[in-house]
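Where a number appears in this text, it was derived from the coordinates with a stated rule and is not lab data. For clarity, every value in this text was computed on a predicted model and none was experimentally measured. Glycine gets a Cβ as well: all are built from the backbone with ideal geometry, and neighbour counts include every protein chain shown.
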């Protein structure tokens, strides 16, 4: 999805395909937007302009040279990383086909899934305890996973729920129409349902077929254990 829209954003956090520990990059074919983004490098200071100044309130998002070098050095490895993740993810998908109670990722025609994570949809109507119970079984058998992923939607976090921003200012919430600030559960049924069913597995280009075989074996045995209990 990084090339959809006027600006594409890519995280370089430690779990991503290219990692520098933290930070990220943006790409854009729009010169004006790219220039605007570049000004965020140092408090909107207009480097290279005839009369540079701090043009607007902006953060200091400078990436140091070492971090940038670490990122650039990994670009040549990106194709390998992506294809390796796709290959092993397909192996797991094939191993889990036909197992009642779990749905594997669906890849639409013309799209490519690069597998930052491998996500399963767990049906609680079929598997007692759903994603939480299956996730617990996986962890007990050495397969790390994140049942319910982040546990709750971002809009239920304290910073948004109590509008704790910039001291007691409430900015930018106090500028929005009230209907835009309505985070009632009834307005987000899909979000809550998705979190209640998702089981997130970490994925890596370092995985080998033996890793995939073990993950598939534990998922399969976990489902059998839960459905027969």
Fill in the blank from the handout: The residues 131, 88, sorted from fewest to most surrounding Cβ atoms within 10 Å, come out as 88, 131
Exercise for the section: Arrange the following residues from fewest to most other Cβ atoms within 10 Å of their Cβ: 85, 95. Expected result: 95, 85
Practice task
For the chain, set up a Gaussian network in which alpha carbons nearer than 10 Å are linked by springs, and say which option among 216, 34, 71 fluctuates the most.
Solution key: 34
Fill in the blank from the handout: Applying the gyration tensor rule to the Cα atoms of segment 181-224 (axes a ≥ b ≥ c; rounded if a/c under 1.5, else prolate if a/b exceeds b/c, else oblate), the class is oblate
Fill in the blank from the handout: Nearest 10, in degrees from 0 to 90: the angle of helix 209-228 to the longest Cα principal axis of the chain is 60
Problem - Length gained when the stretch residue 165-residue 62 is fully extended (0.36 nm per residue, less Cα-Cα span) - result: 34.7 nm
Handout entry: On Cα atoms only, tilt of 130-140 relative to the major axis of the chain in degrees
Key = 80
Handout entry: Linear extension gain, residue 36 paired with residue 178, 0.36 nm per residue minus alpha-carbon span
Key = 48.1 nm
Exercise for the section: For the chain, just say rounded, prolate or oblate: build the C-alpha gyration tensor, square-root its eigenvalues into a ≥ b ≥ c, call rounded for a/c under 1.5, and beyond that prolate if a/b exceeds b/c, oblate if not. Expected result: oblate
Problem - Segment residue 116-residue 150, length gained on full extension (0.36 nm per residue, minus Cα span) - result: 10.7 nm
Handout entry: Degrees, to the nearest 10: 65-75 long Cα axis against longest axis of the chain
Key = 50
Handout entry: Debye intensity ratio in log₁₀ form over the Cα atoms of segment 8-75, taken at each q of 0.16, 0.19, 0.26 Å⁻¹
Key = -0.63, -0.83, -1.16
Practice task
Tally the DSSP beta bridges in the chain and give the antiparallel ones as a percent, rounded to 5.
Solution key: 95
Handout entry: Ranking of 49, 213 by count of other Cβ atoms within 10 Å, fewest first
Key = 49, 213
Practice task
Report the label-to-label distance for residue 14 and residue 141 in nanometres (one decimal), using points 7 Å from each Cα along the Cα→Cβ vector.
Solution key: 2.8
Handout entry: Label-point separation, residue 206 to residue 28 (7 Å along Cα→Cβ), nm
Key = 3.6
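Counting each DSSP H run of 4 or more residues in the chain as -39500 (n - 2.57), what helix-only mean residue ellipticity at 222 nm follows after dividing by all residues, to the nearest 500 deg cm²/dmol?
-11000 deg cm²/dmol
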